[in-house]
Amino acid sequence: MEQVERKQALALESWRALRILSEFVDGVETMSRYPAGVAVFGSARLKPEHPAYVQAEKCGRMLAEKGFSVITGGGPGIMEAANKGAKEIGGTSIGLNIVLPMEQRPNPFQTVDIEFRYFFVRKVMFVKYARGFIIFPGGFGTMDELFEALTLIQTLKIVPFPVVLVGSRFWSPLVAWMKETLRDEYATVSPGDFDIFTVTDSVDEAVQIVWEAHIGQRVVAPELPRFASDEEERISGDGTRGGVRHRRRGGDSWHESAI
């Protein structure tokens, strides 16, 4: 009986792996059809009368006017606002929706609607197809996307793109804590890591920063270390960059190799 249960469990895990793969395939096949995008993040709980909602709607409109696809999580609040701004002027308005027991209600302003069961698959789509992140006030999910981007840029796993935080009143306390505690007291981040992102109150500035980086007029995080050679810095098909691999056993010795 125990052996039968193990086989059944293994079969379920195999089907789960295939379901995950199918989400990657669907996401890649869909997203690759559309123009370069900018991801806009923020709280699902902010209402249309909130100033950040108004700003996000303007942001979506301005990005679409620049020819960008506007990519959001497809839900209400800030996501709805950005999708609305893009759609209303005829832009590409993409929603990467996540299946949740609460809060996630697809907004009606998506011209492209993709549904994900797994957060991590969805996060790959944001990073792979975005030329920048513009982030409005939000909760844990917004913070998750922010620190995911900062980590990938800091560790050189992706080619750096602009990360712009809109709303200094909201973001400044977090940035102050990172500087005073992470950088100064514990030295767990470097001074140059703060060049990875920008804080602003201006949607016009946020969009301009992303646009200048897109057309090659702005270098993102210029103080970050770079790979030693073009070969080490080549971009793979999955949107990540190579580097020194984990050590692998070769006969009786260990060695390191680069990809």
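The values are calculated or read from the model by the stated rules, or taken from the named source; none is laboratory data. Predicted model only: the values in this text are computed from it and were never measured. Quick reminder, even Gly has a Cβ in these numbers, built from the backbone with ideal geometry, and neighbours come from all protein chains shown.
Restricting region 95-132 to residues that are in contact with a helix residue (DSSP H, G or I) (Cβ under 8 Å, 6 or more places away or on another chain) and of a type in the set (Lys, Arg), the residue that is farthest from residue 148 (Cα to Cα) is 117.
Condition test on residue 57, is it of a type in the set (Asp, Glu) and in contact with an Asp or Glu (Cβ under 9 Å, 6 or more places away or on another chain)? Considered against the rule, which asks whether it is of a type in the set (Asp, Glu) and in contact with an Asp or Glu (Cβ under 9 Å, 6 or more places away or on another chain), residue 57 comes out as yes. I'd like to know if region 61-68 contains one or more residues that are in contact (Cβ under 8 Å) with a residue 12 or more places away in the chain, closer than 20 Å to residue 141 by Cα and buried (at least 22 other Cβ atoms within 10 Å of the Cβ). No, region 61-68 contains no residue that is in contact (Cβ under 8 Å) with a residue 12 or more places away in the chain, closer than 20 Å to residue 141 by Cα and buried (at least 22 other Cβ atoms within 10 Å of the Cβ).
Just need a number here: residues in region 36-59 that are of a type in the set (A, V, I, L, M), in contact with a strand residue (DSSP E or B) (Cβ under 7 Å, 6 or more places away or on another chain) and in a loop (DSSP other than H, G, I, E, B).
Going through region 36-59, the residues of a type in the set (A, V, I, L, M) turn out to be 36, 38-40, 44, 46, 52, 54, 56.
Within this subset, residues satisfying the condition of being in contact with a strand residue (DSSP E or B) (Cβ under 7 Å, 6 or more places away or on another chain) are 36, 38-40, 56.
Within this subset, residues satisfying the condition of being in a loop (DSSP other than H, G, I, E, B) are 36.
Residues flagged as of a type in the set (A, V, I, L, M), in contact with a strand residue (DSSP E or B) (Cβ under 7 Å, 6 or more places away or on another chain) and in a loop (DSSP other than H, G, I, E, B) within region 36-59 amount to 1.
Which one is farthest from residue 120 (Cα to Cα) among residues in region 22-52 that are aromatic (Phe, Trp, Tyr) and surrounded by fewer than 22 Cβ atoms within 10 Å (Cβ to Cβ)? Talk me through it step by step, then tell me what you get.
Narrowing region 22-52 to residues aromatic (Phe, Trp, Tyr): 24, 34, 41.
From the residues that got through so far, the ones that are surrounded by fewer than 22 Cβ atoms within 10 Å (Cβ to Cβ) too are 24, 34.
On the way: 24: 10, 34: 21 Å.
Per the stated criteria, the residue is 34.
This table checks each residue for (1) out of contact with any Cys (no Cβ under 9 Å at 6 or more places or on another chain); (2) in the same structural domain as residue 105 (by TED's automatic domain parsing).
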residue	(1), (2)
6	yes, no
20	yes, yes
28	yes, yes
40	no, yes
48	yes, yes
54	yes, yes
59	yes, yes
71	yes, yes
93	yes, yes
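Scanning region 182-218 for residues that are at negative phi, exposed (fewer than 12 other Cβ atoms within 10 Å of the Cβ) and outside any helix (DSSP H, G or I) gives 186, 188, 215, 217. From the set of residues in region 30-57 that are under 20 Å from the mean Cα position of the chain (by Cα) and among the charged types (D, E, K, R), which is farthest from residue 204 (Cα to Cα)? In this case the residue turns out to be 33. For the condition in contact (Cβ under 8 Å) with a residue 24 or more places away in the chain and assigned by TED's automatic domain parsing to the domain that holds residue 94, residue 147 does not qualify. Listed conditions (1) under 20 Å from the mean Cα position of the chain (by Cα); (2) at pLDDT 90 or above; (3) surrounded by fewer than 14 Cβ atoms within 10 Å (Cβ to Cβ) are all met by residue 237, apart from (2). Given (1) over 21 Å from residue 58 (Cβ atoms); (2) in contact (Cβ under 8 Å) with a residue 24 or more places away in the chain; (3) out of contact with any strand residue (DSSP E or B) (no Cβ under 7 Å at 6 or more places or on another chain), identify the lone condition not met by residue 173. Status for residue 173: all satisfied but (2). Looking across region 92-143 at every residue that is under 20 Å from residue 54 (Cβ atoms) and in contact with a Lys or Arg (Cβ under 8 Å, 6 or more places away or on another chain), the one that is surrounded by the most Cβ atoms within 10 Å (Cβ to Cβ) is identified as 93.
Checking the stated criteria, residue 170 turns out not to satisfy the condition of being over 12 Å from the mean Cα position of the chain (by Cα) and either surrounded by 21 or more Cβ atoms within 10 Å (Cβ to Cβ) or at pLDDT below 95 (or both).
Tell me which residues, restricted to region 60-76, are in contact with a strand residue (DSSP E or B) (Cβ under 8 Å, 6 or more places away or on another chain) and part of a loop (DSSP other than H, G, I, E, B). Please lay out each step first, then the result.
Just the residues of region 60-76 that are in contact with a strand residue (DSSP E or B) (Cβ under 8 Å, 6 or more places away or on another chain), to begin with: 60, 63-64, 68-75.
Selection gives 68, 73, 74, 75.
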